[in-house]
């Protein structure tokens, strides 16, 4: 396997007052991938991005990007890194074209009107090139941030909540633009609250909680290893408790007693849950328990994320 484009080892950040935002983070990013970093608010996502991009000074640990140590040779490495921050921080009275061109100049690159035009056209901003940023919609302002981050042609691009506050249609458009960037060879690390984005776009997923990386794996592997089947069986008559005859099945009773909830199967065998649900329905009939409907589905990435985070938070409570 080729060397990672970014390698983070033992990264820790402790703020004054003792708050540990990052706790011995280990993470390798592969060239050309889309990597989604998931975690609840305060998990350490933005702090991790800030450390790599030079906005946060780590307490300990190493970061190597493109073979350069970010602590010693930061200027060379960070010239190849772009950041689209979570906050809309830019000069609102500047025109779109001048703002993007200025960002290119900050990295010492020669003016290149053709390249700026190419970037703006790729983000559907060319028609707004002479508009002041303050006149744009929220979605277009986010596109301007992406254009500014791309102006110096980075090889590694961080997107911190790139679609926060953007409506569904604009989100879909931005997903397409991010996919196009990846196809052109840009390595992308994104944080998002919309787990459907990670499920749709990411090659690999990392989950961070309380400054610690809980897991990193290919999206398909996570679904296979940790996926399960859930079935909600609507009963014709409510029950007071799960009957003893169903004790062999992983079922619970809803609070109102009107539904049985099955959660089982194995991610390694996508059909095992469905087979067990079929067996469960036969057991219901044998026990004289009538039901009026079954809603069955396999775990989504969001289900897995919520379960994993809940388990860890309960374990440390």
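Pick from segment 103-131 the residues that are more than 30 Å from the chain's Cα centre (by Cα) and not in a helix (DSSP H, G or I): which of them is surrounded by the fewest Cβ atoms within 10 Å (Cβ to Cβ)? Applying the filter and picking the extreme gives 110.
On inspection, residue 303 passes the criterion of being out of contact with any strand residue (DSSP E or B) (no Cβ under 7 Å at 6 or more places or on another chain), surrounded by 14 or more Cβ atoms within 10 Å (Cβ to Cβ) and either at pLDDT 90 or above or assigned to a helix (DSSP H, G or I) (or both). Looking across segment 6-18, the residues that are outside any strand (DSSP E or B) and over 14 Å from residue 57 (Cα atoms) come down to 17, 18.
Taking the numbered list (1) without any contact (Cβ under 8 Å) to a residue 40 or more places away in the chain; (2) within 21 Å of the chain's Cα centre (by Cα) in turn, residue 45 passes all entries but (1). Selection over segment 230-254 of residues that are farther than 20 Å from residue 275 by Cβ, part of a loop (DSSP other than H, G, I, E, B) and either in contact (Cβ under 8 Å) with a residue 24 or more places away in the chain or under 33 Å from the mean Cα position of the chain (by Cα) (or both) gives a count of 5. Counting just the residues of segment 75-96 that are more than 26 Å from the chain's Cα centre (by Cα) and surrounded by fewer than 20 Cβ atoms within 10 Å (Cβ to Cβ), which one comes out nearest to residue 153 (Cα to Cα)? Result: 76. Could you figure out which of (1) within 26 Å of residue 172 (Cβ to Cβ); (2) in contact (Cβ under 8 Å) with a residue 40 or more places away in the chain isn't true of residue 132? Among (1) within 26 Å of residue 172 (Cβ to Cβ); (2) in contact (Cβ under 8 Å) with a residue 40 or more places away in the chain, residue 132 violates only (1). Among the conditions (1) part of a loop (DSSP other than H, G, I, E, B); (2) more than 30 Å from residue 12 (Cβ to Cβ), residue 57 misses just one, which is (2).
Selection within segment 191-206: residues that are at pLDDT 90 or above and assigned to a strand (DSSP E or B). The member of this set that is nearest to residue 39 (Cα to Cα) is 206.
Each residue in segment 155-183 was checked for being at pLDDT 80 or above, assigned to a loop (DSSP other than H, G, I, E, B) and either crowded, with 21+ Cβ neighbours inside 10 Å or touching a helix residue (DSSP H, G or I) at 6+ places or on another chain (Cβ under 9 Å) (or both), and 1 pass. Can you spot a residue in segment 13-34 that is under 18 Å from the mean Cα position of the chain (by Cα), surrounded by fewer than 20 Cβ atoms within 10 Å (Cβ to Cβ) and farther than 24 Å from residue 181 by Cα? Scanning segment 13-34, I find at least one residue that is under 18 Å from the mean Cα position of the chain (by Cα), surrounded by fewer than 20 Cβ atoms within 10 Å (Cβ to Cβ) and farther than 24 Å from residue 181 by Cα, so the answer is yes.
The values are calculated or read from the model by the stated rules, or taken from the named source; none is laboratory data. What you see is a predicted model, and the numbers here were worked out from it, not measured in a lab. With ideal geometry, Cβ positions are generated from the backbone for all residues, glycine too; neighbour counts draw on all protein chains shown.
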